[in-house]
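The values are calculated or read from the model by the stated rules, or taken from the named source; none is laboratory data. Quick caveat, the model's predicted, so the values are computed rather than measured. Here the Cβ positions follow ideal geometry from the backbone for every residue, glycine too, while neighbour counts run over all protein chains shown.
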C-alpha cells in the first residue's frame, strides 16, 4: 500500500502542453459518399463552409454493438464501421492518417458507450469537431483525453499547421472539465486532485430559488472532500462539483471495460467503495446467439460476447456486488432500468449507470443519468461523480390525453418540436410537471423520462407526488413515511432555460419515421404522405416498451382483435418481450400470456434484445420494415431495416393490420 508520504513524494503529474499541433489531416464525414470514399483513398479535403456534413452520427454508428465485444485498442480497427452509406470498413479511419474528424449536428447521440470515442482515439484521431456535441459523448471524450470543439474556424488554422492554444479547447467548460482536459483525462486529473495538486473551484452560489434537479445536486454535493460532508446552500447552472452517488450500475456490455479501467487506474487490488450500492446486470446480450450471423460466429464474436458475461460474473463475485444474472432457459432477471424503477432507485437520489437510458429512473424524482466507463470506474472507487449543474427545461402538461394517446405519443410530440430538433436541449434536464401528469401512471411517466436522452438531454425528471408514493408502497413494500422520504419539489421562481405548456388533449398518436426518434409525425400525416406503410416486424419490448402498463396495452389491443376474429397478420412477426421477471409474472397473473399466444405473438424472456440488435425482433434485410415500441431508431440500431417508433398500442394494431395503423382505425374498419 502506498503511504501518504510516498504519494506526496511521487513526481508531479504532467499536464498537457499549452500549445497543440495536429500532425495529420482532417477527415470530413460528408453526406456525399463519393467524397467520403475519395478522402479514404487519400484525397485531402480542406475546410469548406458549404460542404454538407453528416448529422446525428450516433454511437451505434461509431461502434456497432458487435464492435463493443472488444474493450481494448482493437476498437480502433473498427471505428465508424456502422456509418450509414457503408463506405467505412475495418481500418478505414486508422489508415486514413486523419488526426481530426469533422461532422455536423449532434455528434455522439444515442448510447453512452465509451467504446465510441475510444475507437476514434485508438484509430489515431486527436480532435473531434462537430456543429453540436452530445453531452455524454463529449464528457467521455474529455475523460479519455480526446479533444473536442464546435468551433469550425479552427479548421483552416489546423490545416495551415498552426499550433493551437489548448485554451481554445477549454472555452466554456466548467472548472472541473477544464482541469480534466488540461490533465489529459479524468484519471490523471483525479490523481492530481488526490495529491492536492488541483482542486475543483469552490461553489459559492448564494441561496436562490432552485428547481428539482438543482435541489438534489445541492443536497448531494460533497462540501468537504476530507470529511466527505454532504450538502451546500445552493447551486446554479454552470457550477461544477463532485456529488455523492446513491446507486451505481453497469451491464454486460460495459462492466469488463469498467473493470479494466478501474484496475488500471487504482491498482490490481482496488476495492469498490460501498459495494452494497453497486449493481451489475446481465441484460443486454442474453439472446445474442439467436440472432448473430454465422459469419460473425465464425470470426469468434460470440465467444468474445460470452467472455464479457464471464468477466462480469467474476468481477461481481470478487467485489461482492449484486449481479442480476441470467435465468434458466435464457433471458435476464431484469433489464437494468426496469430493476432500478422496481427495486433500486428512490426520490431525491443520484443514480448512475453505464447506459444512456439510466434517465428512466427520473420518473421516481431522482437525478439519474448515464455515464461512460471511465466515470463509472472512478465512481466505483470514490463513490462520487463530476457534475456540471445543467440548465432545465420545463414541460408543463395540461389537460387529459385522449384514450388513444399514450406517454410515447406525448414524448414523440415534444421531441418533434423545433427546440429539441435544433439541438437546444443538449445537456439540459427535461422537467415534466403539471396536472396532466395525474393521468399517467409510473410506467407511463418512465416512458417520458426514458426518452429524454433521445432529445439530447442529460436526463428527464418528474417531481414525486402521491402517485410516486403509492407506487413505492405497493411495489417496494415501503411504509408511508419511507415512501415520502427524499421528496423534493421545485421552488417558486426557479429558473428554466425555457418553459413549454403542452395541451395533452391536442396530441394525436405519433410515429417517428426511420433514422431518428425526433422524426415524429402524427399518424394521420404519415398515412397522407406514404399511404399504408407495410411492416414485416412488430416489436413490443425493451426498457421503454416492456413495462407492466405496456403489457396492458398490448393485451387490450390483441384481445379486441381476437373478439373480432383478428390475429397477427400472416406476413408479420409480432414479438412481445418482458422488461423483468416481475413484469412477466404480472402478465401471467392478468391472463395476458394466453391472449398473446392466441393472437400469434412470440414471447421472449427479459432482455434488451432487438432494441440493441441482440435478440429476436431484429431485421436482417434493408428492405424490412419494423414498427417498434423501443426508444431509438438510428440507422442499424435494430438491424439493417427501417424502424418506425410508436406506442405499444400502435405496435399491436399494426401487427394485426400488416401496416402501421392505430387501434381506433383498425377496429372501426
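Quick notes on this structure:
- Members of segment 599-624 that are surrounded by fewer than 24 Cβ atoms within 10 Å (Cβ to Cβ) and within 10 Å of residue 290 (Cβ to Cβ): 616
- Scanning segment 298-354 for residues that are part of a loop (DSSP other than H, G, I, E, B), surrounded by 19 or more Cβ atoms within 10 Å (Cβ to Cβ) and at pLDDT below 95 yields a single hit, 331.
- Subset of segment 159-179 (residues that are touching a strand residue (DSSP E or B) at 6+ places or on another chain (Cβ under 8 Å) and assigned to a helix (DSSP H, G or I)): 159, 166, 168, 169, 175, 176, 177
- Scanning segment 97-127 for residues that are surrounded by fewer than 23 Cβ atoms within 10 Å (Cβ to Cβ) and in a helix (DSSP H, G or I) turns up 121, 122.
- Single unsatisfied condition, residue 439 versus (1) in contact with a helix residue (DSSP H, G or I) (Cβ under 8 Å, 6 or more places away or on another chain); (2) crowded, with 23+ Cβ neighbours inside 10 Å; (3) at pLDDT 95 or above: (2)
- Taken residue by residue, segment 198-213 has at least one member that is at negative phi, part of a helix (DSSP H, G or I) and within 25 Å of the chain's Cα centre (by Cα).
- Index of the failed condition, residue 508 passing every other in (1) surrounded by fewer than 20 Cβ atoms within 10 Å (Cβ to Cβ); (2) under 24 Å from residue 347 (Cβ atoms); (3) in contact with a strand residue (DSSP E or B) (Cβ under 6 Å, 6 or more places away or on another chain): (2)
- Only one of the numbered conditions (1) in a helix (DSSP H, G or I); (2) surrounded by fewer than 19 Cβ atoms within 10 Å (Cβ to Cβ); (3) at pLDDT below 95 is not met by residue 156, and that is (3).
- Positions within segment 128-145 being under 22 Å from residue 25 (Cβ atoms), more than 17 Å from the chain's Cα centre (by Cα) and surrounded by 24 or more Cβ atoms within 10 Å (Cβ to Cβ), in sequence order: 130
- Selection status of residue 80, touching a strand residue (DSSP E or B) at 6+ places or on another chain (Cβ under 8 Å), in a loop (DSSP other than H, G, I, E, B) and either outside the structural domain of residue 371 (by TED's automatic domain parsing) or surrounded by fewer than 17 Cβ atoms within 10 Å (Cβ to Cβ) (or both): no
- Each residue in segment 40-77 was checked for being in a loop (DSSP other than H, G, I, E, B), touching a helix residue (DSSP H, G or I) at 6+ places or on another chain (Cβ under 6 Å) and crowded, with 19+ Cβ neighbours inside 10 Å, and 2 pass.
So that you can scan it fast, the table gives a plain yes or no per residue for (1) at pLDDT 95 or above; (2) closer than 24 Å to residue 138 by Cβ:
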position	(1), (2)
20	yes, yes
35	yes, no
38	yes, no
47	yes, yes
54	yes, yes
62	yes, yes
65	no, yes
